[in-house]
Amino acid sequence: MYKYFIKEDEKAMKIKLNDGSVKEYKDGMTALEIAKELNQKLYKNAVAAKIDGQVTELTKTVPDGATLEILTFEDEEGKKAVWHTASHVLAQAVKRLYPDVKLAIGPATDSGFYYDFDTAEPFTNEALAKIEKEMKKIIAENISLTRYTLPRQEAIEKMKAADEPYKAELIEDLPEDAVISFYEQGDFTDLCAGPHLVSTAKVKVPKLLRTAGAYWRGDEKNKMLNRIYGTAFPTQQELDIYLKQLKEAEERDHNKLGRELNYFTTNPLVGQGLPLLMPKGAKTIQILQRFVEDEEEKRGYLLTKTPFMAKSDLYKVSGHWEHYQDGMFVLGDEEKDEEVLALRPMTCPFQYMIYNAGHHSYKDLPIRYGETSTLFRNEASGEMHGLIRVRQFTLSEGHIICTPEQLEAEFMGVLDLIKYNMKVLGIENDVFYRFSKWDPNDKDKYIGNAEEWERVQDAMRVILDHAGLDYYEKEGEAAFYGPKLDIQSKNVFGKEDTLITVQIDFALSKQFGMTYVDSDGQKKSPYIIHRSSIGSYERTLAMMIEKYAGALPMWMMSEEVRIMSITDAAEEYCNAFAERLRESGIRVTVDNRQEKIGYKIREARNERIAYMLVAGASEVEDGTFAVRRRGEGEIGSIASDDLLDMIVQQHKDRVIF
RNA sequence: GCCAACGUGGCUCAGAUGGUAGAGCAGCGCAUUCGUAAUGCGCAGGUCAGCGGUUCGAAUCCGCUCGUUGGCUCCA
């Protein structure tokens, strides 16, 4: 049906579209022209094209036989094209207002874009508003973007002539044979690989969000540049929805909610990154800890309890002294001839010393040591964040010492435990898996040689594949002593953190000379799996608060049930039922204060209590309670015997509602 | 550590251009025994994060320190 477009004497080409259909077009048409033929709405919303799987601009000519996909803002890659162009509009606006500013880089991100500038003065909020206004002007000007390429040397000359040293440096670092492309939009040109929109008008509604400092090329030795973050949407309405979502997400911020709900507090006299867990927070953590310790015991873990500190000599053997000293709190000054101790940042060396306290046969293996271990890490002052990034935290840390033959089965056992724990917490679908490898270009950061690293990483990859995990690999994220499987989660701001980690340690065991006697009578080095089975308890609590917006699963709350009397006459009745609940292991309090029932309920609701039981004269008479359940409101009158069963059952089943 | 913003009673916030602090909630007291998101009245509570400076005078201006928050990973 599209053949009408092709005249008799014109050459035709066949294009496969993303809906799978194959259609014929005039040879030499661009993606944009095809979109116009295809569908008016698509044409209007088109932002970029994907030709044979390669994202590119709409003005690109589609070759015969190609697969073509027209991208809109709905597509992830379409969004990126919009945001990337928005970053150019931002740079153009800044250049117009502040001609002396030097440009660094400006990519799209997962939720918008940023651009790094070298400026004499940081941008103020007023400047930001002014820049945003200029951006809107540029968008209204409907400037078209054109791509052109230059030979390497010419490109460098051009950037030097334009007094853009950062751009020149970028080109110099590109490979010799790289195509150097530029995008021009009116009075502004930027070095860029693209792809971009056809016109600034398609950026539609931009919004600048905040400024931040960022080192040139992410290296703290380099100059700090001024970064502007922003985003853009096709309509004001969509932008408003996004901003509202951002605000709502921040309402769940554990750092706000956790303080409001009295889970934790901080105090300047105590120090940064040292949160104080209040009774509610401490209780929840105790519940989680008991759950994990019991579960590990069932799975054959042996409990250890090791010191919080050790002589520097221990860390010299383990390699921490060389590779991790910046992260440790060191006590005592060697210069003054004092004994030098350091607080432990990890438990490994301690549990290894327990293993080394005796001789081991292959028949003893695997040995699984577990410890609820408090660790100390001297994080940089700007890194601390609520309960997520702290200087002292407690972890269920364990080490499994096994033979090479047992490694895979033990690793699977660890994964099984972790998955079980995550399921109980209700977070199994909120995490993703990262295979963290060493960085072969930065060997000094690690113990061991390249061959060992590659061998262990290959072994780990095989296990991960056997486990059927959907993971991604990342270089430079390994521990200094071995590769890791990191289980990652994101907080309300979208920031990623490691919740749980499983590592294969091949280096430390060797440092400590750990051995076992095999069936052939030979001493051999065991394999060690280093793992946590739940995140640090502080971090896990933070995640629970954010995931459930403070309404934690009932079984992990310090107060599951609150009973409220309407008049003094119901006091005894309420107390008696509370006692019955307590005998069944339910954490319950009674509110017999002389307040109106509406007031008591409001307070209990604000505290996210799971069950609110109300009793007045009629309930006392009937032997019932008027029951209110979190998130559901009043669910009716229930006889106290039935109510007891119901609550106990939910507590035991760890029902999440 | 670096960049930026912020720091007023337990909490949430008001206090233009400098003249020596104000509200609501929470707390305490009294009264109220009350039916599902705030009963009324009263009282008390702050060296305005800390230190130093400018000034006749600083919560307000400047500097330093401490703390809180966001960013410093997304590669032209």
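The values are calculated or read from the model by the stated rules, or taken from the named source; none is laboratory data. Owing to the predicted nature of the structure, the values given are computational and were not obtained by experimental measurement. Glycine gets a Cβ as well: all are built from the backbone with ideal geometry, and neighbour counts include every protein chain shown. The area values use the complete protein model at the heavy-atom level, side chains included, leaving out ligands, DNA and RNA. Shrake-Rupley method; radii C 1.70, N 1.55, O 1.52, S 1.80 Å.
Could you compute how fast chain A diffuses translationally, taking Rh as the Kirkwood radius over C-alpha pairs and applying Stokes-Einstein at 25 °C with viscosity 0.890 mPa s? Give it in µm² per second. Before the final figure, lay out the partial values.
On the way: Rh = 29.7 Å.
Stokes-Einstein gives a translational diffusion coefficient of 83 µm²/s.
To the nearest 10 square angstrom, how much accessible area does A:HIS84 have with a 1.4 angstrom probe?
Here the residue's solvent-accessible area equals roughly 30 Å².
Count charges around A:GLU37 for me, please; just the other residues with Cβ under 10 Å from its Cβ, Lys/Arg as +1, Asp/Glu as -1. Intermediate results must be reported in sequence, preceding the final value.
On the way: positive: A:LYS23, A:LYS26, A:LYS36; negative: A:GLU33.
Overall, the nearby charge balance is +2.
Any chance you could list P(r) for region A:35-124, counting all Cα-Cα pairs in 10 angstrom bins from zero, rounded to whole %?
Over region A:35-124, the share of Cα pairs per 10 Å bin runs 16, 37, 26, 16, 5, 0 percent.
When only the heavy atoms of the protein chains count and the probe is 1.4 Å, how do A:GLU607, A:GLU335, A:GLU297 rank by accessible area, highest first? Could you put the intermediate results ahead of the total?
Values: A:GLU607 55, A:GLU335 170, A:GLU297 130 Å².
From most exposed to least exposed: A:GLU335, A:GLU297, A:GLU607.
What length, rounded to one decimal in nm, is gained on full extension from A:GLU238 through to A:LYS523, with 0.36 nm per residue of separation minus their alpha-carbon distance? Intermediate values should be presented prior to the final figure.
Working: separation 285, 0.36 × 285 = 102.60 nm, distance 6.63 nm.
So the chain would gain 96.0 nm between A:GLU238 and A:LYS523.
Roughly what angle does helix A:76-97 make with the longest principal axis of chain A, taking Cα atoms, 0 to 90 degrees, to the nearest 10?
Once rounded, the angle reads 70 degrees.
Step by step: find N for region A:1-152, compute 2.2 N^0.38 Å, then divide the Cα radius of gyration by it. What's the final number? Please report the intermediate quantities before stating the final value.
Values: Rg = 19.1 Å, N = 152, 2.2 N^0.38 = 14.8 Å.
Computed over Cα atoms of region A:1-152, the ratio equals 1.29.
For a quick check: with amide H placed at 1.01 Å from N, whose amide H comes under 5 Å from A:CYS192's, ignoring anything fewer than 5 positions away on the same chain?
A:SER181, A:PHE182, A:TYR183
If ligands, DNA and RNA are left out, what is the accessible area of A:GLU475 with a 1.4 Å probe, given in Å² to the nearest 10?
Approximately 110 Å² of A:GLU475 is accessible to the 1.4 Å probe.
In region A:172-205, whose amide N lies under 15 Å from the spot 7 Å out along Cα-to-Cβ of A:GLN153? List them in ranges.
A:172, A:176-177
Could you rank A:THR515, A:THR59 by how accessible they are, 1.4 Å probe, largest area first? Mind dumping the intermediate values first?
Values: A:THR515 50, A:THR59 80 Å².
Result, largest first: A:THR59, A:THR515.
Please work out the average accessible area per residue across region A:510-570, using the 1.4 Å probe convention, and give it in Å².
Details: 1810 Å² over 61 residues.
The answer is 30 Å² per residue.
How large is the accessible surface of A:VAL317 in square angstrom, using a 1.4 angstrom probe and rounding to the nearest 10?
It works out to around 60 Å².
In degrees between 0 and 90, to the nearest 10, how far off the longest principal axis of chain A does helix A:125-140 point, with axes built from Cα atoms?
40 degrees
Return one whole number: the accessible area per residue of region A:279-394 in Å², for a 1.4 Å probe. Let's see the in-between values first.
Working: 5870 Å² over 116 residues.
That works out to 51 Å² per residue.
For region A:354-361, just list the computed ³J(HN,Hα) in residue order, Karplus coefficients 6.51, -1.76 and 1.60, θ = phi - 60°, integers in Hz, with x standing in for Gly and Pro.
5, 4, 6, 6, x, 8, 10, 9
Can you work out the Karplus-derived ³J(HN,Hα) for every residue in region A:161-175? Use 6.51 cos²θ - 1.76 cosθ + 1.60 with θ = phi - 60°, whole Hz, and x for glycine or proline.
Using θ = phi - 60°, the values come out as 4, 7, 6, 10, x, 5, 5, 4, 5, 4, 5, 4, 8, 6, x Hz.
Carbon and sulfur: what percent of chain A's accessible surface (1.4 Å probe)? Present the calculation step by step, with values, prior to reporting the outcome.
On the way: 15130 of 31560 Å².
Reported share for carbon and sulfur atoms: 48 percent.
Calculate how many DSSP beta bridges within region A:560-657 are antiparallel, expressed in % of all such bridges and rounded to the nearest 5. Write out the running numbers ahead of the final one.
Numbers: 10 of 19 bridges.
DSSP beta bridges in region A:560-657 are roughly 55 percent antiparallel.
Using 0.36 nm per residue of separation minus the Cα-Cα distance, give me the extension gain between A:VAL648 and A:ALA409 in nm, one decimal. If you can, show how the numbers build up before the last one.
Details: separation 239, 0.36 × 239 = 86.04 nm, distance 3.65 nm.
The span from A:VAL648 to A:ALA409 would gain 82.4 nm if fully extended.
List, in order, the whole-Hz ³J(HN,Hα) value for each residue of region A:619-632 obtained from phi through the Karplus relation with A = 6.51, B = -1.76, C = 1.60 and θ = phi - 60°; use x for Gly and Pro.
5, 4, 5, 7, x, 10, 9, 7, 9, 10, 10, 3, x, 10
Angle, helix A:571-583 long axis vs. longest principal axis of chain A, Cα atoms, 0 to 90°, nearest 10?
80 degrees
Mind putting together the pair-distance distribution for region A:484-626? All Cα pairs, 10 Å bins, whole percent per bin, short to long.
Taking all Cα pairs of region A:484-626, the binned fractions are 10, 25, 19, 14, 14, 9, 7, 2 percent.
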